[in-house]
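Down below is the structure, laid out as structure tokens.
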Amino acid sequence: MTENIHTLRLDASSESVELAGRILRAGGLVAMPTETVYGLAAIAWDFTAVERIFVAKRRPHWDPLIVHAADATMVAEVVEQIDAVSGRLMDAFWPGPLTLLLPRRPDLPHVLTADRELVGVRMPAHPVALQILRAAAAPLAAPSANLFGHVSPTTADHVLADLDGRIDAVVDAGSCAIGVESTVAECRADEIVVYRAGGVSVADIERAAGLPTRLYVPHITPGTPESLPSPGVGIRHYATRATVVLVRSRAQMEEVLAEPSHHQAGVLLPLGWYVPGHTGPIRQWADIDNAPALAESLYRGLRALDATGVMEIVVPLPLQRGGLFAALHDRLEKAARKS
């Protein structure tokens, strides 16, 4: 696919969903809305189409993809077996923002899982995503619909800002409700490991599964991506072009912005916070104690500030209280890493 082909922008009507299904069945790429972020979809069984995802996103092949399914039949097409604990988590949280790592069918394209034996699978809660899955009549590989490592898209405009001319279509169903990617978990014999925090918390998983559950802490260094066990655990990800500067309090934000080097920095500003006299662009965020509102608007705010051309974006870290707060910390800390 050449980079000068116009990407078709579709609405969320039934006619558009059917067209999206036809494009996918013909081997095309369609960005679709989910409750988390927009995903770039291709038929999971179509090796050539899946390969096109990597090309369109400029995504390295060591980073595995997540497969989306509309029902148990689609799950069975990509998964060899489902253990009892994973089954309980499916019952508790699907459809929803939980990806489970499960034994892959041996004939699944290896490029999809980066040659790993486990495949990430989830059932999205967004009605349009489910309609597109049914129109495609197949499970869909669908990582975030953005250039690799960039801020994930939560609107169709975000998708086109990164991928216009690189994919066949985007289905526009407005903003994503959650705004950060799904939780990714693996059920082991005696514990559950959460590789990426998201809309389903570690505590929620532990209660539903009845097994000890822990958040994975990567012990890797840049330059060893082949050791990553799951999608979403790269050292630097969700990144703006501008450098993200994290602060941990209102006082620290005021102190940082008072420095001459930060006078023109962009600011993602929580409700009720003020930076009098600051001359750089300011983007209103949400209440610093409201994790759902912060998550829903995080990527939109980062993208808007990045579009102003600032060199730095100053962002406060909310207090870490688990749940979506853990997801916010994960995304912001990765966005702020320099490598």
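Quick notes
- Screening ASN146 on (1) surrounded by fewer than 17 Cβ atoms within 10 Å (Cβ to Cβ); (2) of a type in the set (S, T, N, Q); (3) in contact with an Asp or Glu (Cβ under 6 Å, 6 or more places away or on another chain) shows it passes everything except condition (1).
- Figure legend. Inter-residue proximity from the range 44-64: first residues of a type in the set (S, T, N, Q), second residues surrounded by fewer than 22 Cβ atoms within 10 Å (Cβ to Cβ), beta-carbon distance below 7 Å, spacing 6+ or different chains. Indicated pairs: THR48/GLY27.
- Residue match in the range 280-296 (condition: crowded, with 21+ Cβ neighbours inside 10 Å, touching a residue at least 40 places away in the same chain (Cβ under 8 Å), closer than 29 Å to ASP162 by Cα and not aromatic (Phe, Trp, Tyr)): yes
- Filter result for VAL275 (modelled with pLDDT of 95 or more, of a type outside the set (Gly, Ala, Ser) and not in a helix (DSSP H, G or I)): no
- Among the residues here, VAL75 qualifies as under 30 Å from PRO212 (Cα atoms) and in the same structural domain as VAL151 (by TED's automatic domain parsing).
- Cβ pairs under 6 Å, 6+ apart, first in the range 115-131 and under 21 Å from SER175 (Cβ atoms), second β-branched (Val, Ile, Thr): ARG122/THR99; PRO124/THR34; HIS126/THR34; ALA129/THR34; GLN131/VAL17
- Selection of first residues in the range 134-146 that are closer than 13 Å to MET123 by Cα and assigned by TED's automatic domain parsing to the domain that holds ALA44 and of second residues that are surrounded by fewer than 24 Cβ atoms within 10 Å (Cβ to Cβ) and of a type in the set (Lys, Arg), restricted to Cβ pairs under 9 Å at least 6 apart or on distinct chains, gives the following pairs, ordered by first then second residue: ALA138/ARG25.
- Lone qualifier among GLY179, GLY174 - being surrounded by fewer than 16 Cβ atoms within 10 Å (Cβ to Cβ) and modelled with pLDDT of 95 or more: GLY174
- Selection of the range 76-95 for residues being closer than 19 Å to ARG134 by Cα, touching a residue at least 60 places away in the same chain (Cβ under 8 Å) and buried (at least 21 other Cβ atoms within 10 Å of the Cβ) yields only VAL78.
- Of all the residues in the range 107-156, those that are more than 16 Å from the chain's Cα centre (by Cα) and under 18 Å from VAL30 (Cα atoms) number 13.
- Every test in (1) surrounded by fewer than 24 Cβ atoms within 10 Å (Cβ to Cβ); (2) within 18 Å of the chain's Cα centre (by Cα) is passed by GLY198 save one, and that test is (1).
The values are calculated or read from the model by the stated rules, or taken from the named source; none is laboratory data. It should be emphasised that the depicted structure is a prediction, and the values quoted were computed from it without experimental measurement. When we count neighbours, we look across all protein chains shown, and the Cβ atoms used for this are built from the backbone with ideal geometry, even at glycine.
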